[in-house]
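Engineer: The following block contains the structure, expressed as structure tokens.
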Amino acid sequence: MAVDIEALSAFYKTPRGETAQRLVLARVRLAWPNVSGLRVLGYGFAAPYLFPFHGDAERTVSAVPVSEASPGEAAEHAACWLPSARNASVLTEETALPFPDAMFDRILVVHALETCEAQRPFMREIWRVLAPEGRVIMVVPNRTSLWAQFETTPFATGRPYTRVQLARLLEQSMFSAEAWDAALMLPPFLSGGKKRQRPGTPGWERLGHRLWPGLAGVHIVEATKSLYAVMPSNPQSGLRRRVLAGAERPSQRDVLRQKAD
């Protein structure tokens, strides 16, 4: 399923989109308060979240996945996120990122995992281009949230994840989840009013983090790459074994007789 660049661009120009951008970005900046001298990659439709990093980071690149159905549309929107600077965008296939190994210190993935067609190869590419000491933040729609059901927002597009599903995918892709966070605690139908009528969203976020964190619109997980895959000493130790019917335990008398013999 291709990323709908045009729909995403239109969404972030609406009051609801501006609210979502502000709330998600606040949590991302809390995790990454300083990116001075670092190389930052935004993958998916990450442009609305990359502007604060552009002046501080050594390099900021936006990578937009492109499908055969909409290369021209993706090119139009990918090329204009920094109109006053040199080109900092690239169109790419999700399983073939055009970057050297270990190039980026920070990678921000937004509006990507839930729509990519091959999650494992895509995660492997993110692992490849992340520096050994680097960190990746993935912003992923929460399956149990109202935002995942509200079809007028992009967070209802593709495959939303539960926290357990996302944690499993990270582990299987050789990532270690270091910190979990969430955003978009307020219901989507309360986030689209005019600015003068909009409810106190910071209050909603604080209340939601305390009372209903599992219903947040998006998971925000920060992870590092695992350089070594640790396997258990006995691969069968964690597996359940079937007990065959008809097998009887020996009686105490039989045990004593065998010892006497």
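Where a number appears in this text, it was derived from the coordinates with a stated rule and is not lab data. Predicted model, so just to flag it, every value in this text is computed and none were measured. In this analysis, Cβ positions are derived from the backbone assuming ideal geometry, glycine residues included, and neighbour counts consider all displayed protein chains.
Engineer: Would you pull out the residues with amide H under 5 Å of Met185's amide H, same chain only if 5 or more places away, H placed 1.01 Å from N?
Structural biologist: Correct list: Gly217.
Engineer: Follow-up. Taking 0.36 nm per residue of sequence separation and subtracting the Cα-Cα distance, how much length would be gained by fully extending the chain between Glu6 and Arg159, in nm to one decimal?
Structural biologist: This chain segment gains 53.2 nm when fully extended.
Engineer: At a 10 Å Cβ-Cβ cut-off, how would you order Ile107, Ile137, fewest neighbours first? It would help to have the intermediate numbers written out before the result.
Structural biologist: On the way: Ile107 26, Ile137 22.
With the sparsest Cβ surroundings first, the list reads Ile137, Ile107.
Engineer: Only sites in a loop by DSSP and with at most 14 other Cβ atoms within 10 Å count here; which trypsin sites (Lys or Arg not before Pro) in segment 129-188 make the cut? Please report the intermediate quantities before stating the final value.
Structural biologist: Details: sites: Arg135, Arg143, Arg163, Arg168; in loops: Arg143.
Taking segment 129-188 and a limit of 14 other Cβ atoms within 10 Å, no loop trypsin sites (Lys or Arg not before Pro) are found.
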